[in-house]
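Every read-out reported here was derived from the displayed coordinates using simple, explicitly stated rules and does not represent laboratory data. Predicted model only: the values in this text are computed from it and were never measured. Using ideal geometry, Cβ is built from the backbone for each residue, glycine included, and neighbour counts are taken over all protein chains shown.
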Amino acid sequence: MFEEMNAGYTITDRLIVGNGMFVLGECENASEKFVTWKCKQDDTGKKTYLWGHYCNDRLTAVEDLCRRALEEIQYLRTFRQEKDTPKNPVQQRQKKKNEPER
């Protein structure tokens, strides 16, 4: 199987959320042995790694990976709710007390 690398780190874990992805990398020779990145992939398959969060232990890196993925899920839910909510909801006209029904 293909071993994915970025900046000397071997990608060991990934979480896909929507059209994006978050990855965890490990490098034994680095001063900070673990990193998480947001990763985007274009139409040609080329990946871009963004906003690295560097850690010294795996448990902290896994926690960061999960937190980043959950934040993206919350963002997507909020975005979907805003998109699905009409900007000017139609309200029914209130019937006056003495107004006959039509």
Notebook entry, point to check: Considering only residues of the range 26-50 that are closer than 29 Å to F79 by Cα, touching a residue at least 12 places away in the same chain (Cβ under 8 Å) and out of contact with any Leu (no Cβ under 8 Å at 6 or more places or on another chain), which is surrounded by the most Cβ atoms within 10 Å (Cβ to Cβ)?
Noted result: Y49
Next item on the list: List every residue pair whose Cβ atoms lie under 6 Å apart, where the two residues are 6 or more positions apart in sequence or sit on different chains, the first residue falls within the range 1-25 and is touching a residue at least 24 places away in the same chain (Cβ under 8 Å) and within 15 Å of R58 (Cβ to Cβ), and the second residue, located anywhere, is in a strand (DSSP E or B) and among the polar types (S, T, N, Q).
Entry: L24/T12; L24/T36
